[in-house]
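The structure appears right after this line, and notes come after that.
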Amino acid sequence: MTSSARSALLARLRDFGRAQNGMAAVEFAMILPFMLAMYLGGASFGSVITGNLSDRMARAAATAAGSSVITESAKAIGLQQAMFIIPVMAIALALVLYAGSRTIEGDMRKV
């Protein structure tokens, strides 16, 4: 981190602490749970969720093939199907975030 970036960050932190009406602290407290959920959901639990989804799809592929044993080909099919779901979920998240962003202007008028 360069010294100018460090000083800019320190200046912002000082401004955050000097906020007279506490609005910055309130906004930070409001956004923190969502940011933590996105971080933990994506970074920490993303591989767990993908693995679980892949296992479910592999079981479904084995059942559809009439086998009670999950073979390597069923695992590959399950992983492929799980990977198709991830972009769909990303698009759904983008739509939800877009819809939420459309309400900000109306919310700001109410305040």
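The values are calculated or read from the model by the stated rules, or taken from the named source; none is laboratory data. Remember, predicted model here, so these are calculated numbers, not experimental data. All Cβ positions, even for glycine, are placed from backbone atoms using ideal geometry, and neighbour counts span all protein chains on display.
So is residue 54 in contact (Cβ under 8 Å) with a residue 24 or more places away in the chain, of a type in the set (S, T, N, Q) and surrounded by 11 or more Cβ atoms within 10 Å (Cβ to Cβ) or not? Considered against the rule, which asks whether it is in contact (Cβ under 8 Å) with a residue 24 or more places away in the chain, of a type in the set (S, T, N, Q) and surrounded by 11 or more Cβ atoms within 10 Å (Cβ to Cβ), residue 54 comes out as yes.
If the condition is being over 30 Å from residue 97 (Cβ atoms) and among the polar types (S, T, N, Q), then the stretch 34-78 contributes 63, 67, 68, 71, 73.
Yes/no per residue for (1) within 30 Å of residue 14 (Cβ to Cβ); (2) at pLDDT 85 or above; (3) of a type in the set (Ser, Thr, Tyr):
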position: 30; (1), (2), (3): yes, yes, no
position: 34; (1), (2), (3): yes, yes, no
position: 48; (1), (2), (3): no, no, no
position: 52; (1), (2), (3): no, yes, no
position: 60; (1), (2), (3): no, yes, no
position: 78; (1), (2), (3): no, yes, no
position: 95; (1), (2), (3): no, yes, no
position: 109; (1), (2), (3): no, no, no
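Residue under question is residue 101, and the condition is that it be among the polar types (S, T, N, Q) and surrounded by 13 or more Cβ atoms within 10 Å (Cβ to Cβ); does it hold? It is false that residue 101 is among the polar types (S, T, N, Q) and surrounded by 13 or more Cβ atoms within 10 Å (Cβ to Cβ). Any residue at all in the stretch 2-10 that is of a type in the set (Ser, Thr, Tyr), outside any helix (DSSP H, G or I) and at pLDDT below 85? Yes: the stretch 2-10 contains one or more residues that are of a type in the set (Ser, Thr, Tyr), outside any helix (DSSP H, G or I) and at pLDDT below 85.
Say whether the condition of being exposed (fewer than 10 other Cβ atoms within 10 Å of the Cβ) and β-branched (Val, Ile, Thr) is met by at least one residue in the stretch 67-83. Yes: one or more hits.
Would you confirm, using the coordinates I've provided, whether residue 49 is of a type in the set (A, V, I, L, M), surrounded by 10 or more Cβ atoms within 10 Å (Cβ to Cβ) and more than 13 Å from the chain's Cα centre (by Cα)? Judged against the criteria, residue 49 is not a match.
Return yes when residue 26 is loosely packed, with under 11 Cβ neighbours inside 10 Å and among the aliphatic types (A, V, I, L, M) and no when it is not.
No: the conditions fail for residue 26.
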